1. For the range 121-133, how many residues meet the condition of being within 10 Å of residue 217 (Cβ to Cβ) and among the acidic types (Asp, Glu)?
2. Considering only residues that are among the hydroxyl-bearing types (Ser, Thr, Tyr) and buried (at least 16 other Cβ atoms within 10 Å of the Cβ), look in the range 91-127 and name the one that is nearest to residue 166 (Cα to Cα).
3. Name the single residue, out of those in the range 158-171 being over 17 Å from residue 63 (Cβ atoms) and touching a helix residue (DSSP H, G or I) at 6+ places or on another chain (Cβ under 6 Å), that is surrounded by the fewest Cβ atoms within 10 Å (Cβ to Cβ).
4. Could you please let me know if residue 103 is more than 16 Å from the chain's Cα centre (by Cα), over 30 Å from residue 233 (Cβ atoms), part of a helix (DSSP H, G or I) and not hydrophobic (A, V, I, L, M, F, W, C)?
5. All but one of (1) among the hydroxyl-bearing types (Ser, Thr, Tyr); (2) buried (at least 17 other Cβ atoms within 10 Å of the Cβ); (3) more than 18 Å from the chain's Cα centre (by Cα) hold for residue 174; state the number of the condition that does not hold.
6. Just wondering, is there one or more residues in the range 24-32 that are assigned to a strand (DSSP E or B), surrounded by fewer than 24 Cβ atoms within 10 Å (Cβ to Cβ) and either of a type in the set (Ser, Thr, Tyr) or modelled with pLDDT of 95 or more (or both)?
7. When you look at residue 212, is it in contact with a Cys (Cβ under 6 Å, 6 or more places away or on another chain), closer than 16 Å to residue 91 by Cβ and surrounded by 20 or more Cβ atoms within 10 Å (Cβ to Cβ), yes or no?
8. Scan the range 167-178 and report the pairs whose first residue is in a loop (DSSP other than H, G, I, E, B) and whose second residue is among the β-branched types (Val, Ile, Thr), with Cβ atoms within less than 8 Å and a gap of 6+ or a chain change.
Amino acid sequence: MTNRPPLVLLPCLMGDALLWSHQTETMRDAADITVGDLTLDDSIGAMAERVLAGAPDNFALAGLSMGGYVAQEIMRRAPERVARLALIDSAARADLPEARERRMQSIEMARSGQYLDVAREMYRMLVHPDRVGDEGLWAQVRAMAEHVGPEAFIRQQLAVTNRPDGREDLKRISCPTLLLYGRQDVMTPTKVQAEMAANLPNARMVVIEECGHLSALERPQAVSAVLRYWLQD
């Protein structure tokens, strides 16, 4: 038995526990951390149910990008179980048609044996422009992609493509909510975060400078510091 609060971390598309390695290594004193597996299901609802089935009765919840979509679905299904929420580089809107088209193209590329080409192309959009040539960071992203594999990636893309628009649902989230994102995140930029904040009754926005979409990998120390404060605030 421990006095540390349970914390469930949910990874991004094509991501796994490596995304959260800094948090799981440096925040052991602050929380009992588990990382949800979002590779087995092809809908956001099924992912949420799997996480809930393995989670404690009451827990803190943080999700990055796709993990944030799953976290919002958990709030729709079992808000009474979540003590506090962090949506990191995430969004509440459903995909626009052009985004759905890009996802379907990536699925076709993965099916045709070009999965790692998809991963590299996505990497260029996900990180700060100054980090595109960072081979160490790319090696981490590639390792996650290889571990997830093309079949799970396809399931994830289908889940994300068919996710609901959750903007109205945000208004019913009453627990303390952190919106954390990178300043140079082109996937979920400031206007997306501000829209979510306007719909959340108890939200706080925090910006990480010189950072793109994969903040937990790009600026792990900053993310850990903010999450630690969020847990203790």
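1. Step one: of the range 121-133, the residues within 10 Å of residue 217 (Cβ to Cβ) are 126-127, 131.
Next cut, among the acidic types (Asp, Glu) only: none.
Number satisfying all stated conditions: 0.
2. The initial filter retains those residues of the range 91-127 that are among the hydroxyl-bearing types (Ser, Thr, Tyr), namely 106, 112, 115, 123.
If we keep only those that are buried (at least 16 other Cβ atoms within 10 Å of the Cβ) as well, we get 106, 115, 123.
Numbers: 106: 24, 115: 29, 123: 26 Å.
If we take residues in the range 91-127 being among the hydroxyl-bearing types (Ser, Thr, Tyr) and buried (at least 16 other Cβ atoms within 10 Å of the Cβ), then 106 is nearest to residue 166 (Cα to Cα).
3. 171
4. Yes: the conditions hold for residue 103.
5. Looking at each condition in turn, residue 174 falls short on (2).
6. Step one: list which residues in the range 24-32 are assigned to a strand (DSSP E or B), which gives 32.
Checking the rest, the ones that are also surrounded by fewer than 24 Cβ atoms within 10 Å (Cβ to Cβ) come to 32.
If we keep only those that are either of a type in the set (Ser, Thr, Tyr) or modelled with pLDDT of 95 or more (or both) as well, we get 32.
The answer is yes; a qualifying residue exists.
7. no
8. 175/82
The values are calculated or read from the model by the stated rules, or taken from the named source; none is laboratory data. Bear in mind that the values here come from a model prediction, so they are computed numbers and not experimental data. So basically every Cβ, Gly included, is an ideal-geometry build from the backbone, and we count neighbours across all protein chains shown.
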